[in-house]
Amino acid sequence: MPSKFFKNRRVYMLTSVAYMGSLLFGYDTGVMGSVLALKSFKRDFGLPTESSGFANSKNASISSNVVSLLTAGCFFGAIAASYLNERFGRRYSLMFFSVIFLIGAALQTGAHHEIGLIYGARVIAGLGIGGMSSITPVFVSENAPPEVRGRIAGLFQEFLVIGSTFAYWLGYGVSLRMPSSTKQWRVPVAIQLIPGGIMLVGLIFLKESPRWLMRQGRHSEAVTSLAYIRCEAVDHPDVVTEVAEIRAAIEEELNATEGVTWRECLLPGNRYRFMTGFVMMFWQQFSGTNSIGYYAPQIFQTVGVSKNNASLFATGVYGTVKVVTTGIFLIIGIDFLGRKKSLMFGAAWMASMMFIIGAVLAINPPDPSSGGVSQASIAMVAMIYLYVIGYSASWGPVPWVYLSEIFPTRFRAYGVGMGAATQWLFNFVITKITPEAINHIGWKTFLIFGIFCLSMGIFAFFFIKETKGLSLEDIDLIFGDVTAEQRAQDVERSIAIENKKIELEQREEVPKADK
């Protein structure tokens, strides 16, 4: 195991830098949920300070605007990234969007008294985060070896929950240790500039995706990049074979069409991919996870953890459970259970927890005048923790992994961009309606999410194809793009071409050595 990790060390290094974008996604969403619960923020921006959770309609409206405007920016950023990713490559596009994010983060940090500036800065930061969310899964999956691709690509979710959990605990820390002043909320907002800067600097030292380079006809650069990321020589048999598979798949794509056309997107195999990606990301949002993730302090206040510090502490525990569960699942679960079973079991588990939360909240609603936390509230908090265990071992990491691996090279940037844009679109819908839903229909909100979770499991059973352990090129076979016989012939021909090139290069080097 350690030797395999060392061999893939450059893949993990690339993943750590690229997924700073995911960490920023988690941090920027998690931090505002905590900041919105601070009285210092409410005072600075003229919000009522006497109410908790979403009991006050003005607080509910401002909260939904602050959080949902980030996701609105993310939606447009993901759409723009689809074009930039394919046109300029993975690395340069990520650098561009990291700069956009840093501008938005700086504006949020400098805002004071004007909620409109917070709104605008959230949109700008969202453009950067949305673009990064569309590109990083592609960049990582195209560099990851097949046998651990699920684990490595799934780190998208792990970095995301690390970011949000750090934000949760930081929110709790400043509420407990810092005086209630402007500095109290500004410090958590400013800290996001640090990982954004690390990402921008780190990208300077990475190499471009070998599959994107091969697609652009830059074959020698692609071979060099692949050999570097695999920690092998360019003439190593494993590198030669993988290059041959990539070349064969790309040549098959070019033979099918010159460039990407909308008509080709409607062919049966590709249509299935796009529809699956769209529906999967739709269901991920309607699982209810972001309703809890974005508004965790207010949600815990809704179920009876009424004191501000207590709700922030419960939120920090919630995030920690996500980090631990996601990490364990990526190490031992995703490449063992596979994608399909994880999604099915996870959906059933989450539905059960949501139904229980809704039922307990309906039968034993919290008493705002009570000085303590009731047994019913403790039970609901436990169910929320159990819910997130199921999510973190299924619909959290798996959709991002699946989305990054099912599309062929010529469609991957557009397919992941479509999925990311879908995720952000319905993310916006969920974050916009959650405060109002809890304010108006209370426990029924959790019942609705439970029904959605059941539907997700049915979808996974009938429509998800298993992809664990397959190379990105072999996944074409299960979607019917090419037969196994044709692919074997194409790979054999490509290996012969690569070996001939290596032989010619070695012959040219011998006379130079003699001289």
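The values are calculated or read from the model by the stated rules, or taken from the named source; none is laboratory data. Please read these numbers as outputs of a predicted model, since none were measured by experiment. In this analysis, Cβ positions are derived from the backbone assuming ideal geometry, glycine residues included, and neighbour counts consider all displayed protein chains. Quick note on the areas: whole protein, heavy atoms, side chains included, nothing else; ligands and nucleic acids left out. Shrake-Rupley method; radii C 1.70, N 1.55, O 1.52, S 1.80 Å.
Placing dummy labels 7 Å off each Cα toward the beta-carbon, the span from M13 to D235 is 2.5 nm. Here the spin labels are modelled as points 7 Å beyond Cα on the Cα-Cβ line, and at F205 and A348 they lie 4.7 nm apart.
Taking packing as the residue-averaged number of other Cβ atoms within 10 angstrom, the listed peptides 184-192, 469-477, 128-136, 215-223 run from highest to lowest as 128-136, 184-192, 469-477, 215-223. Distance between the 7 Å Cα→Cβ label points at E466 and I441: 3.7 nm. Taking Y391, Y92, Y12 and ordering them by how much accessible surface each has at a 1.4 Å probe, largest first, produces Y92, Y12, Y391. For the range 133-179, with all protein chains in place and a probe radius of 1.4 Å, 68% of the accessible heavy-atom surface sits on carbon or sulfur. Solvent-accessible surface of the range 410-486, taken per residue with a 1.4 Å probe and all protein chains present: 40 Å².
Report the FRET efficiency, 1/(1 + (r/R0)^6), for Y272 and V429, where r is their Cβ-Cβ distance and R0 is 25 Å, rounded to 0.05. Using R0 = 25 Å, I get an efficiency of 0.50.
For the range 1-206, a Kirkwood radius taken over Cα pairs fed into Stokes-Einstein (37 °C, viscosity 0.692 mPa s) yields D = 187 µm²/s. Given R0 = 45 Å, the distance between the Cβ atoms of L117 and Y83 translates into a calculated FRET efficiency of 0.95. Normalised per residue, the accessible area of the range 1-206 is 34 Å², obtained with a 1.4 Å probe and no contribution from ligands, DNA or RNA.
Pop out the carbon and sulfur fraction of the accessible area of the range 208-258 as a percent, whole number, probe 1.4 Å. So the carbon and sulfur contribution to the accessible surface is 48 percent.
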